[in-house]
Each structure stands twice: as structure tokens, then as C-alpha cells.
Amino acid sequence: MIVGDLKPLPEIVATIKEYKQVLILGCGSCVTVCLSGGEKEAHQLCHELSQIRHYEGSPPKFEVGAILRQCEQDLVAEYQKIPEGTDAILSLACGAGVQTVADAYDPLPVIPGLNTTFLGASAKPGNWTEMCQGCGDCVLAFTGGICPVARCSKSLFNGPCGGSQNGSCEVDPETPCAWSLIYYRLKRQNKLHLIKQLWVSKDWRPAGSSGPRKRVRIGLGDGNK
Ligand code: SF4
Ligand code: SF4
């Protein structure tokens, strides 16, 4: 899922203080699960942002709403609850949601309340770790199901760097070395021959270096552009 973190309050205040009436719009999907941008967090933020101490003049008037998925144009279009007089929306969705809402309500300013951080998985409740960078050309079949792009601090493709120490990454000793994990996983799978495969260079074009990526649903396994 997509993980996002609430922006620092002073940054949010600086971006909304010029408006008179702001709709704080939660998103009911990923950011609800990671407790940063759901309806409940929208109400909490509304309470905090309404405090006069954050402003030199009067605070804006706030309303709260939520859309199940702000990244889906249909769901955004169905949402007909923008209160009259709203002169800005503070979206608590990921960057994709913020932009979808901004397109739908153009020219109403739509301001991000979150920093979208990573695609993560949860190993235990309330903890998420980055697992994938959406490179568009997945190599997990060759790396024992462990992503070298997201989980190696240097996104290396041909085994560990010289700094790998006792299974830990030199960048952060608390982080397991991804290539150490890959080695032992492949060993347990009797597939260590895979680690000898040399990646001359990865084709990064599917990672988005050729402009925004698109997908059109046509049929199973079909439709990437
Ligand atoms: S190899 Fe690419 S697609 Fe596969 S998990 Fe890693 S970043 Fe994601
Ligand atoms: S120690 Fe391992 S995880 Fe860290 S940068 Fe080097 S190869 Fe990557």
C-alpha cells in the first residue's frame, strides 16, 4: 500500500492561511490504514488547525469530508459535497489523489496535507517498510522475492557492496543488507546460481524515465503502455 505522513503543522498552516474556507478531505484507502489521511485524521487535523494560535489573523473556517479513493476520478466525481464558499481543499490523500481532486475541481486550489513516502508492507501492526519502488520491470523472480531496488540502500543489482557487515547494511546497521537476505533466501531455495547472473544494466525506461506511465485495462496481462 501507499504510505504517507502528515506534513508538519507549520507547513500546512503556511499553505492554507490565505484562504477563508477550507475543506479538509480525507481519503478512505491506503492513508486510512496507515492512520495519516483518513476521515478520523481529517477531523483531528480540523481540530488542530482551528486553533487561533497558529495564525496572526483569524483562522480559516474548516469543513471535513472524505472520499473512498481520491485517486479515482469516478469516485471524486460522485462526491457532491463541496460546501458552498469553499475556496481551497486540503487533501489528505497521496500525490495521485491530490492531483485527481485538483483536476476534478480545477481551478479550486487543492493543497497536499501529506507527504507521500513509499510503497510498503506491514510486518507487524502499525509498522510499514518500503518494499517496492514500482520500477516497472520486476526482478523478484531472480532475487528470492526480495527487492534490490527498494531494499538495498544503493539499489545495487550485482550483489552486496563492500560495506555489508554481518548481514547489516553499512548505511544503517539496523537495516538488513538486502543482498545478504537475497543470498540466504536463494541458498535455502537451492537457487544460488541466480545470484551469479550478471545484470549488465537495468532498463530503467519502465521505471518512468520516459514520462508518466499509463495502464489501460484491456484483458488479463494486457494493456501496459
Ligand atoms: S524489482 Fe521493481 S517492481 Fe519488483 S519489487 Fe522491486 S521495485 Fe518493485
Ligand atoms: S550493505 Fe547491502 S543493502 Fe546496504 S548498500 Fe550495501 S549491498 Fe545495499
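If you take the charge dipole of the chain about its Cα centre, with +1 on Lys and Arg Cβ and -1 on Asp and Glu Cβ, which of 218, 201, 33 is farthest toward its positive end?
Sorting the options by dipole projection puts first 201.
Mind checking the dipole of segment 2-118: about its Cα centre, +1 per Lys or Arg Cβ, -1 per Asp or Glu Cβ, Debye to the nearest 20?
300 debye
Sort 155, 164 by Cβ crowding within 10 Å, fewest neighbours at the top.
155, 164
Tell me, what HN-Hα J-couplings in whole Hz come from the Karplus equation 6.51 cos²θ - 1.76 cosθ + 1.60 at θ = phi - 60° for each residue of segment 189-201, using x for Gly and Pro?
After applying 6.51 cos²θ - 1.76 cosθ + 1.60, I find 8, 6, 10, 4, 4, 5, 6, 7, 5, 8, 8, 4, 7 Hz.
Rounded to the nearest 5, what % of the DSSP beta bridges within segment 99-225 are antiparallel ones?
That works out to approximately 90 percent antiparallel.
Hey, how many Å between the Cα centroid of segment 151-189 and the Cα centroid of segment 123-150?
Rounded to whole Å, the Cα centres lie 13 Å apart.
To the nearest 10 degrees, how steep is helix 178-188 against the longest Cα principal axis of the chain, on a 0 to 90 scale?
Roughly 50 degrees between the two axes.
Cut-off under 29 Å on the C-alpha distance; same-chain residues fewer than 8 positions from residue 214 excluded. Which lysines are left, in chain and number order?
The qualifying lysines are 7, 154, 202, 225.
With unit charges on the beta carbons (Lys and Arg positive, Asp and Glu negative) and the dipole taken about the Cα centre of segment 2-118, which residue among 54, 96, 42 sits farthest to the positive side?
54
In whole percent, what relative contact order does segment 2-118 give with Cα contacts below 8 Å and a gap of six or more residues?
Result for segment 2-118 is 35 percent.
With both partners inside the chain, how many of the DSSP beta bridges are antiparallel, as a percent to the nearest 5?
Here the share of antiparallel DSSP bridges comes out near 45 percent.
Given a Förster radius of 41 Å and the C-beta distance between residue 153 and residue 214 as r, what FRET efficiency does 1/(1 + (r/R0)^6) yield to the nearest 0.05?
About 0.85, to the nearest 0.05.
Between 85, 38, 134, which gets the highest mean-square fluctuation from a Gaussian network model of the chain, Cα cutoff 10 Å?
85
What ranking do 88-94, 192-198, 26-32 get when scored by the average of other Cβ atoms within 10 Å per residue, highest first?
Per-residue Cβ counts within 10 Å, averaged per peptide and sorted highest first, yield 88-94, 26-32, 192-198.
Which value, in debye to the nearest 20, describes the size of the charge dipole of segment 135-207 about its Cα centre when Lys and Arg Cβ atoms bear +1, Asp and Glu Cβ atoms bear -1, and nothing else is charged?
For segment 135-207, the charge dipole is close to 320 debye.
Going by alpha carbons, how many degrees (0 to 90, nearest 10) lie between the helix axis of 95-104 and the longest principal axis of the chain?
The helix 95-104 is inclined about 40 degrees to the chain.
Taking the Cα centre of the chain as origin, sum charge times position over the Cβ atoms of Lys and Arg (+1) and Asp and Glu (-1), and report the length of that vector in debye to the nearest 20.
Roughly 1180 debye for the chain.
Rounded to the nearest 10 degrees, what's the angle between the helix 39-49 long axis and the longest principal axis of the chain, both from Cα atoms, 0 to 90?
The angle comes out near 60 degrees.
Consider a paramagnetic label point 7 Å from the Cα of residue 184 along Cα→Cβ; state which residues of segment 140-176 have an amide N under 11 Å from it.
Under 11 Å, as judged by backbone N against the label point of residue 184, lie 166-168, 176 of segment 140-176.
Taken together, the values in this text are just the output of simple stated rules run on the coordinates, not laboratory data. Computed from a predicted structure; not experimentally measured. Don't worry about glycine lacking a Cβ; one is built from the backbone with ideal geometry, like all the others, and counts go over all protein chains shown.
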